[in-house]
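**Q** Questions regarding the structure given below will be posed in turn.
The values are calculated or read from the model by the stated rules, or taken from the named source; none is laboratory data. These numbers were taken from a predicted model, which means no experiment stands behind them. All Cβ positions, even for glycine, are placed from backbone atoms using ideal geometry, and neighbour counts span all protein chains on display. Keep in mind that these areas ignore ligands, DNA and RNA; they rest on the heavy atoms of the full protein, side chains included. Shrake-Rupley method; radii C 1.70, N 1.55, O 1.52, S 1.80 Å.
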Amino acid sequence: MLQNSIELLKSARKSGRCLAAFNIYNLETIAAAFSAAERTQAPVILAFGEGYLKYASFETIAAIVNSLDKYHQLPVVLHLDHCRSIENIRAAIAAGFTSVMYDGSALPFKENIVYTKLVAEYAHDLGVSVEGELGRMNSEDGRDDYSTHTGSDYTDPQQALEYFEQTRIDSLAVSVGNAHGLYKGVPNLVFSRISEIYEKTKLPLVLHGSSGIPDEQLVKAIGIAISKVNINTELAITGAFAIKELLSQEDSTPVRMEILMSQAKKQMDLVMEHYIRLTYRL
Ligand SMILES: [Zn+2]
C-alpha cells in the first residue's frame, strides 16, 4: 500500500520505533526492500535520490514500485531523497512519489525557508509528505571529507524551530555527528543535540548516513527521537561485494548477469532485514 510518511512517522515515534529508508534505483534494490518488508511485516521507505536520475527515470521507478506494491499489503512510502530542484520535485510527485525531501541545507537559512515552504505547500496540497534539512552534512555520495565538519555544522535547535514554524514540514533531517558514505573510525552521535532539537520542534527527526553507525548508537538515537534512518552505503557495498565474490570464484564456467544480480539482491535483502528489525524494534 503506497502512502505518504506522515502518519507512519508519527506512530513510529509514539511507539519508540523508527522507519528504515533504503536507497533504491533498480529492480533488484526495490525487490529486495519489498522482500525484507514482507519477512518482517514492517512498513518501509524506498528512497530514490535526484542523483539517480542518470540511471532511471521517476516514471520507471514508480512503475516498478507500483507493480510490486499490487501484491503487498503493508505500508510503503516512495520517497524522493535529497532533491534540490523544484522542477524534479514536481516531476516525482506527478510520477506517483508519495513523499519528497527538499534539501536546501546548503542555502542561506532564509532562502532554505523560502524554498522549503514553497515545496511543502505544493506537496501538501497533493497529499505528499515533506522532509526538510537543516545543518551541514557532506555530499550524499560521501565524497567530501566529513571530518572537517565541526559542531558549528550541527543543526541548531532554535533555528530548527523557526524553520519548522515557517515551512510546516513533516520531518527534519538533522546533522548531529552523522555523515554520508563510509565513516573514518567510529562515529559519535551527539545525543544531547538530537534531544534538544526534538524538544523544540516535536518533529519526527531523520538521520542520514545511518549505515556505519554502531547499532547501539542507532537504538539510543531512536529512543530519544530519531524516527527515520537512511541506509545506503552498506547496501551499495554489500551488493557490489556479492558480485565481486561470484566473479572471483576459480571456476571456468562463465558467470551470467542474472545470477550476479540475484545474488546481489539476496545479500542486500538480508542487510535490509537487519536494519528493519533493529529500527522497528522487532
Ligand atoms: Zn542523505
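**Q** Hey, got the dipole for the chain? About the Cα centre, +1 on K and R Cβ, -1 on D and E Cβ, debye to the nearest 20? If you can, show how the numbers build up before the last one.
**A** Numbers: 26 positive and 34 negative charges, 123 e Å.
In total the dipole reaches around 600 debye.
**Q** I would also like to ask the following. Considering only Cα-Cα distances, which of the following residue pairs are longer than 18 Å: Lys10/Lys117; Lys110/Lys228; Lys244/Lys266; Lys14/Lys220; Lys14/Lys70?
**A** Lys10/Lys117; Lys110/Lys228; Lys14/Lys70
**Q** Enter the angle in degrees (range 0 to 90, nearest 10) between the Cα long axis of helix 58-69 and the first principal axis of the Cα atoms of the chain, meaning the one along which they spread out most.
**A** The two axes meet at around 70 degrees.
**Q** Right, something else. Please report the relative contact order for segment 129-262, taking Cα pairs under 8 Å with a sequence separation of at least 6, and give it as a percent rounded to a whole number.
**A** Computed value for segment 129-262: 21 percent relative contact order.
**Q** Given 20 °C and 1.002 mPa s, how large is the Stokes-Einstein diffusion coefficient of segment 214-274 in µm²/s, with Rh as the Kirkwood radius over Cα pairs?
**A** Details: Rh = 13.5 Å.
So the translational diffusion coefficient is about 159 µm²/s.
**Q** Something else now. Quick one: compute the contact order of the chain, relative version, from alpha carbon pairs under 8 angstrom and 6+ residues apart, as a percent.
**A** Relative contact order, the chain: 22 percent.
**Q** On to the next question. Tell me the mean residue ellipticity at 222 nm calculated for the chain from its helices only (DSSP H runs of n ≥ 4, each -39500 (n - 2.57), averaged over every residue, nearest 500).
**A** Mean residue ellipticity at 222 nm (helix-derived): -15000 deg cm²/dmol.
**Q** For Glu199, Glu111, Glu131, write out the residues from largest to smallest accessible area, computed with a 1.4 angstrom probe and no ligands counted.
**A** Glu199, Glu111, Glu131
**Q** Could you tell me the extents of the chain's C-alpha atoms along the three principal axes, largest first, rounded to whole Å?
**A** Principal axes ranked by extent give 62, 41, 34 Å for the Cα atoms.
**Q** So, for the chain, what is the accessible surface per residue at a probe of 1.4 Å, expressed in square angstrom? If you can, show how the numbers build up before the last one.
**A** Values: 12610 Å² over 282 residues.
Ligands and nucleic acids excluded, the result is 45 Å² per residue.
**Q** Please give the net charge around Glu165, taking every other residue with its beta carbon less than 13 angstrom from that of Glu165, where Lys and Arg add +1 and Asp and Glu add -1.
**A** It works out to a net charge of +3.
**Q** Could you please state how large a percent of the accessible area of the chain is carbon and sulfur, counting protein chains only and using a 1.4 Å probe? Walk me through the numbers on the way to the answer.
**A** Numbers: 6730 of 12610 Å².
C and S fraction of accessible area: 53 percent.
**Q** Taking only Cα atoms, what is the 0 to 90° angle, nearest 10, from helix 233-247's long axis to the longest principal axis of the chain?
**A** 10
**Q** Distance in nm between label sites at Ser11 and Tyr55, each 7 Å beyond Cα in the beta-carbon direction?
**A** 3.1
**Q** Excluding Ala33 itself, calculate the net charge of residues whose Cβ lies under 12 Å from the Cβ of Ala33, where each Lys or Arg counts +1 and each Asp or Glu counts -1. Before the final figure, lay out the partial values.
**A** On the way: positive: Arg39, Lys265; negative: Glu28, Glu38, Asp69, Asp269, Glu273.
My count for the surroundings of Ala33 gives -3.
**Q** Please state the relative contact order of segment 1-134 as a whole percent: Cα pairs under 8 Å, 6+ residues apart?
**A** In percent, rounded to a whole number, it is 25.
**Q** Also, I was wondering about something else. Could you please report the charge total around Asp269, scoring K, R as +1 and D, E as -1 over all other residues with beta-carbon less than 12 angstrom from its beta-carbon? Mind dumping the intermediate values first?
**A** On the way: positive: Arg39, Lys265, Lys266; negative: Glu28, Glu38, Glu273.
Around Asp269, the surrounding residues sum to 0.
**Q** Right, something else. On alpha carbon coordinates alone, what is the Rg over Rh value for segment 83-128, Rh being the Kirkwood radius?
**A** 0.97
**Q** A follow-up question, please. Could you work out how much longer the chain between Lys220 and Lys200 gets when fully extended? Use 0.36 nm per residue separation minus the Cα distance between them, nm to one decimal.
**A** On the way: separation 20, 0.36 × 20 = 7.20 nm, distance 1.91 nm.
Difference between extended and current length: 5.3 nm.
**Q** Calculate how steeply helix 86-95 sits against the longest principal axis of the alpha-carbon atoms of the chain, using the helix alpha-carbon long axis, and give the answer as 0 to 90 degrees to the nearest 10.
**A** Tilt relative to the chain: about 50 degrees.
**Q** With only alpha-carbon pairs counted, each pair once and no self-pairs, how large is the Kirkwood hydrodynamic radius of segment 164-258 in angstroms? Don't jump to the answer; show the numbers that get you there.
**A** On the way: mean 1/r = 0.0644 Å⁻¹.
With all distinct Cα pairs of segment 164-258 included, I get 15.5 Å.
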